[in-house]
Amino acid sequence: MTDSGDLRYLVVRNDEEQYSIWPEGRDLPAGWHAEGTSGSREECLEHIEAVWTDMRPRSLRVRMESADV
């Protein structure tokens with residue numbers, strides 16, 4: 001399946017603050033929420049690259065921060 005360029009996507013994020021893209025108009029999988037950005041596949045992936053700077057899951061970051069105290 002190729003991306004025809006006319007498909008639109010949503011940037012989605014889960015409770016662990018991990019990002020992905022999802023085709024606009026389809027029901028989101030359980031545990032994922034629309035982040036507020038939509039556009040072409042490339043636009044969405046560029047946005048994710050800009051905002052998802054720490055790839056560690058949220059629970060791991062919290063655990064590591066509490067260990068530093």
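The values are calculated or read from the model by the stated rules, or taken from the named source; none is laboratory data. Keep in mind it's a predicted model, so treat the numbers as computed, not measured. No Cβ is skipped: glycine too gets one built from the backbone with ideal geometry, and neighbour counts run over all protein chains shown. With ligands, DNA and RNA removed, areas are computed over all heavy atoms of the protein, side chains included. Shrake-Rupley method; radii C 1.70, N 1.55, O 1.52, S 1.80 Å.
Some notes on this structure:
- Test: residue in segment 44-64 that is modelled with pLDDT under 95 and in contact with a Pro (Cβ under 9 Å, 6 or more places away or on another chain): no
- Qualifying residue in segment 26-37 (condition: open to solvent by 80 Å² or more (accessible area, probe 1.4 Å) and part of a helix (DSSP H, G or I)): no
- Hits in segment 1-58 (condition: touching a helix residue (DSSP H, G or I) at 6+ places or on another chain (Cβ under 6 Å) and among the charged types (D, E, K, R)): D3, E16, E17
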